[in-house]
Structure formats: C-alpha cells, structure tokens
Amino acid sequence: MQSEIRFALNFIHNCKKATEKRLWHHYFCQRNFASVLGIETSCDDTGAAVIETSGKLLGDCISSQARISGVVPSVAAELHKENIESVVNTAMAKSNIGFRDLNFVAVTVKPGMPLSLKIGVSFAKSLASRLKIPIIPVDHMEAHALTALFTDPQLKFPYIILLISGGHSILGIVQGLEDYVLLGTALDASPGDILDKISRRLKLNRLSDECLKGVAGGKAIEIIAKTYNGDHQRFNLPLPRSQSKDCDFSFSGIHVAVEQLINKLESENHGNGCNLSNQDIADVCASVQFCMTRLICRRVQRAIEYCLLNTDSRATVIRNHPTALVVSGGVGSNCVIRAGLTEVANHYNLRFVAPPSSLCTDNGIMIAWNGVLLQKENSSRITEDLSSVDFCPRLS
C-alpha cells in the first residue's frame, strides 16, 4: 500500500515538473527579450518602469511631489522612502511579468540630491541582490539625453542636445552611446531654479486658479502667461552675456532684474505686494519666458555654428555634422522655449526633436531605456558586484 502511494506521489510530482517545463518553454518562446527595471529618485519624483530590450515599454509608474514652493531635500527623501516600493510594485503589475522575470535593474546614481539618490540606490541594490541579477548604474543627465531615441526611432547620431531643468543646464553633442562632447553649461543658477524663485516671489501659489494646483514654479509661470495673455514686450529684461561667443549659460542676471522689477511694481502699487494685478503678474511671467527663450536660443545657435564650422577639424573631437536639435529636461517642456528652438533648428535645416512633456521631467522610463541601451552595448558599467555601486551627487 505504501509503495503504491509513493508511486502515485512520484507520478504526480513528475507530471507537475513536466508541465512546468512545458509552460516555461512556451513562456520563453513567446518572450525572447530581456527586461530592465528602471528606478529614478534623483530629485523629488519617484519613478519606475519596465522596458524590454526590444524597446517595448511594459509598465511604468511615477509619484510626483507638488513643489510650487521649491524642493526640500529631507522631505523629498522621506517621500521617496514612503513611495518607492509601491511605485515599483505598480510598474511591475502593469508590466504583467513577475520580479523573477527581470534580468537587470537600472538605477540613477548621479547627479542629484544625496538623500534622494541614496533611497533609490539602496532599494535597487537590495532588489538586485534578492533576485541575483546585475545592476546598471545610470547617469541621470545621460538618460535625459538619450530619451529622444526611445520616442523617435528615426533619430540618428550625432545630434545637439540641450538639457534644461531645475538642477542643470547642459549643451552638448551626442555622438554615440557614452560618447558626448560638452559645449556649454550653466555658470551660475539653472533656469528651473530661477523660474521657481520668480514663481515664489510673485506668490503664484496664492492665486486661486484651479489649473495651478500641484504645479511646479516654471509650469505655473507658463500657465499664467498664457491664461491672462501676458505681454512679453511690456518689460524689457536684460539678456545676460549677450555678446559672449561661447556656449555657456548665465541666468542669475534675469533673476536680479525680475526682483527689481517686482519691487518697482509693488512700490507703484502703494507697497501692497500681495495685490499685484493678474495682468501685471502675467506680463512679468511672459517677459521672463521671452527673455529666457532668447538667451537659450542664442546659446544653442552658437553651439550649432561651432559644430558646423569645426566638424572634421583636427583641433576638435566633433566628427560629423549634427542631424538634429534635441531638447529635454523639465524646462525643455515649456511651449514658448520649444517654439523658439524650433525656429533655430529650421534655420539650420536640422530636425527639432522633443520627447513628450511627461518624459522631459524625471521618470523611470528614461532610466530603464538607458539601461536597455547599455545592455545592448554590453557596457562595462553593468555589474554583479553590488558593493561597487554607489551614488554620486555631483555631475562628473
């Protein structure tokens, strides 16, 4: 009797193993691509996404923090800590694959706020260790620079890249994966930081407009200028470094000029700083956008001309003429700035490429995509030595 029971149990066990083997064989025949989980926590947005090495987006999730009054690093880190597990779980649920089906974990390691980066890197390392899969350290700015390749398959190297965000201003040429030439950067504050400060100075968070709820400073300025038909010619703001022939940015002069302008308007309004008219506020917002757009377009124009004049020159590392002008980063989603850049690109017969606004701000998709590209190139960054992976707050 016992031998018959053992035989029956063994038979059931062998049938189960055979069935599982057939199911796994069928699964892998249907799914011939590796999958990469991307995790982003460089600033105040918690993002995660899963992308196949075929380029197919399987699932993503983003948890954004309303920051019309700026970013508080300690608060941002605490919210990352609270949200990261649910964000990753949601992205995985949307992807319809299990954690054991992941082949790589890509994570932002630089640049960014130390406390925020630490949350993402620690979570990614823990997950990679548990799943026994390699980790792919990703440069946040590189991920922004390569996002356009995900959204526009026709885009080819080399191309001019403009990254403008709350933390950085970078102008360069992308000649290939991990092959970049830096042409210009911010000498002082970033455009996003300046826009946030101007937004706070104008007290945009006190306006009752429903469309401003949960909107960051730069976007709030864009909305107000458009909603109230702001006159960009009313206030003649100075253009910092307008005669300079390099490709570097300087935005602090705009901030100083706008502070002085607001003080003047408040004084004319009998010192009642809380009650500038909506039209005054809209005109300031429109003037700021116009001035910043002119400054950015001049630097980009200078960069394009430099590339066109120095291609194939032994004195430079620029090998070929750029094929397109690409913009990314949160500030790069501004419609006025995009319109100006489109004109510049058209003037030089370049394609203008801009990812959707949702992919210009921080997100997990760009991190997973960067991981996919690095995996395809078998990059030396990919490692199973988790102890070698750490975050680096500064751009290097």
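Structure data summary
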read-out	value
Residues satisfying the stated conditions in the range 316-349, i.e. under 23 Å from the mean Cα position of the chain (by Cα), in a loop (DSSP other than H, G, I, E, B) and either crowded, with 22+ Cβ neighbours inside 10 Å or at pLDDT below 95 (or both)	322, 329, 334
Condition check for residue 194: under 26 Å from residue 394 (Cβ atoms) and either part of a strand (DSSP E or B) or among the basic types (Lys, Arg) (or both)	no
Test: residue in the range 336-353 that is polar (S, T, N, Q) and under 30 Å from residue 117 (Cβ atoms)	no
Matching entry among 145, 128, 124, 77 (being in contact with a helix residue (DSSP H, G or I) (Cβ under 8 Å, 6 or more places away or on another chain), crowded, with 22+ Cβ neighbours inside 10 Å and either not in a helix (DSSP H, G or I) or not β-branched (Val, Ile, Thr) (or both))	128
Single condition residue 156 does not satisfy, out of (1) in contact (Cβ under 8 Å) with a residue 40 or more places away in the chain; (2) part of a strand (DSSP E or B); (3) within 23 Å of residue 373 (Cα to Cα)	(2)
Breaking point among (1) surrounded by 23 or more Cβ atoms within 10 Å (Cβ to Cβ); (2) assigned by TED's automatic domain parsing to the domain that holds residue 320, for residue 117	(2)
Residues being assigned to a helix (DSSP H, G or I) and under 19 Å from residue 60 (Cβ atoms) - total across the range 83-115	15
Complete set of residues in the range 80-93 that are buried (at least 16 other Cβ atoms within 10 Å of the Cβ) and farther than 16 Å from residue 362 by Cα	81, 90, 92
Any hit, the range 273-290, residues being small (Gly, Ala, Ser), at pLDDT below 95 and either more than 27 Å from the chain's Cα centre (by Cα) or not assigned by TED's automatic domain parsing to the domain that holds residue 344 (or both)	yes
Filter pass, residue 221 being surrounded by 16 or more Cβ atoms within 10 Å (Cβ to Cβ), among the hydrophobic types (A, V, I, L, M, F, W, C), assigned by TED's automatic domain parsing to the domain that holds residue 336 and farther than 17 Å from residue 328 by Cα	yes
So residue 172, is it farther than 18 Å from residue 361 by Cβ, in the same structural domain as residue 308 (by TED's automatic domain parsing) and not charged (D, E, K, R)	yes
Residue 136 in a strand (DSSP E or B), outside the structural domain of residue 338 (by TED's automatic domain parsing) and crowded, with 22+ Cβ neighbours inside 10 Å	yes
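The values are calculated or read from the model by the stated rules, or taken from the named source; none is laboratory data. Just so you know, these numbers come straight off a predicted model, no measurement behind them. Cβ coordinates were reconstructed from backbone atoms using ideal geometry, including for glycine residues, and neighbour counts include every protein chain displayed.
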